[in-house]
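Below is one structure; the comments refer to it alone.
What follows draws every value from the coordinates through simple rules; no lab data is involved. Computed from a prediction, not measured in an experiment: that's the story for all the values here. Cβ: placed from backbone, ideal geometry, glycine included. Neighbour counts: every protein chain shown.
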Amino acid sequence: MKYCGVVYDVGLKFGDDGFSVEPFDPALVEYDMRTIAKDMHANAVRIEGEEIHRLATAARAAHSMGLTVFFNPWKMNEGVDGTCAYFEEAAKTAERLRNEGVDVILVAGCEYTIFSKGVFPGESFNERAMWLGSQYPGGRMSEDIPQTLREKSVELNKVLQSFATVVRAKFNGPLTYSAGTWELVDWDIFDIVGIDYYRRGEPKEQYVAGLERHRFNKPLVVMEVGCCAYKGAADRGDGGFLLLKSTNPDGSGVFEGGVIPTRSEREQADYLNTQLGLLATADVHAVFVYVFSFPCMRRGEGASDLDMMCFSLVKYYPEQDPRSNAMPPWSPKESFHQVADFFRSMLHPQLQCPTTPGQG
């Protein structure tokens, strides 16, 4: 495994409520990148976000700490033409970073079929995700890709080829894509195979064996792996957040069936310990844990604990807590230490124990 890293969000628009990171604080980004490199023992970071200047700021901070940057510009719910124009600007910035000496790989999209327009039917993420779910009547995704999705993958590859053409005209570094497991990508378009590879309750042997259909004589990168921090989240994998249906005016959560999940940082940590251990022996080029932080979902009590419904490795203090104005405004979860131990053992076996960052 060449790269061990985490996904770092600088602000995405999942809906109409603004960015997932607000405000954007370059000083905190520098602190976080130092933590990722020094305390988590990572050697790479996948930086995702919409605003290109935020991506560039974070990339430079990561580079200053010796991290390889998987540069992931991501404009959600945009159509093909708009995304092409957006990628052209992002590729120019990525090339400038490359010329500055940043070790940068450009990620030309993530699960485009559900997060953007033009391949799956639907004007919103929810509509497209529901359509995807309808293709698996049993309720669980399987390795057997339905014929309808195979046909949609032909359309997807035409779109991805248009993105690659635009990007390669401006950027001279390596190119990849972050694919959902339901997307049959033509990897001849890219230099690196990238998949979001969550385990959703299947046996360990099946999970590892499933990697074989993603091998194309190119480096294979697991672009995302992780789970939420409540009891039962491990079996749900990337679908763990779906128990949160909406939020009340006071910011508390509305949960499936009216039942508030039981917070369990241990479940998240154990899941990652198991998954990373499996991937360590599976001949993958890199792995990125999703996600370092997610400040729009903060720690609380009971129904106000939205942090347990996200995938973050650190928990942000509630806004009314004075520690939310400290540096850093978060503290590590159990999963943070589990991931740090794994990265240290893979990349820095001479180090005996990780440093504990943060407060509280």
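Comparing mean-square fluctuations of 63, 53, 337 from a GNM of the chain with C-alpha springs under 10 Å, the top value falls on 53. Exposed loop sites, defined as chymotrypsin sites (Phe, Trp or Tyr not before Pro) outside DSSP H, G, I, E and B with at most 15 other Cβ atoms within 10 Å, are absent from the longest region of the chain, namely 15-215. In percent, rounded to a whole number, the relative contact order of the range 3-347 is 17, using alpha-carbon pairs under 8 Å and six or more apart. With loop membership from DSSP and a limit of 16 other Cβ atoms within 10 Å, the longest segment of the chain without GluC sites (Glu not before Pro) is 144-300.
What's the FRET efficiency of residue 155 with residue 270 using the Cβ-Cβ distance as r and R₀ = 51 Å, to the nearest 0.05?
0.85
Span-like helix criteria (full DSSP H runs; alpha carbon extent of at least 15 Å along the helix axis; mean Kyte-Doolittle hydropathy of at least 0.0) are satisfied in the chain by 52-64, 334-347.
The fewest-to-most ranking of 35, 148 by surrounding Cβ atoms within 10 Å reads 148, 35.
Number of Lys-Lys pairs in the range 3-347 with C-alpha atoms under 18 Å apart and a separation of 8 or more places or on different chains: 13. Ranked for footprinting exposure by Cβ neighbours inside 10 Å, fewest first, 283, 32 give 283, 32. The largest-to-smallest principal axis extents of the Cα set in the range 243-360 are 49, 34, 20 Å. The order of 218, 75, going from fewest to most other C-beta atoms within 10 Å of their C-beta, is 218, 75. By the Stokes-Einstein formula, at 1.306 mPa s and 10 °C, the range 173-280 with its Kirkwood radius over alpha-carbon pairs has D equal to 102 µm²/s. Where both bridge residues fall in the chain, DSSP classifies roughly 20% of the beta bridges as antiparallel.
In this rough spin-label picture, where each label sits 7 Å from Cα along the Cβ direction, the residue 123-residue 248 distance is 3.2 nm. Computed from Cα atoms alone, the Kirkwood hydrodynamic radius reported for the chain is 20.6 Å.
Dipole size of the chain about its Cα centre, with +1 on Lys/Arg Cβ and -1 on Asp/Glu Cβ: approximately 620 debye, rounded to the nearest 20.
Please give the calculated 222 nm ellipticity per residue for the chain, where each DSSP H segment of at least 4 residues contributes -39500 (n - 2.57) and the sum is spread over every residue; nearest 500 deg cm²/dmol? Here the helix-only value at 222 nm equals -10000 deg cm²/dmol.
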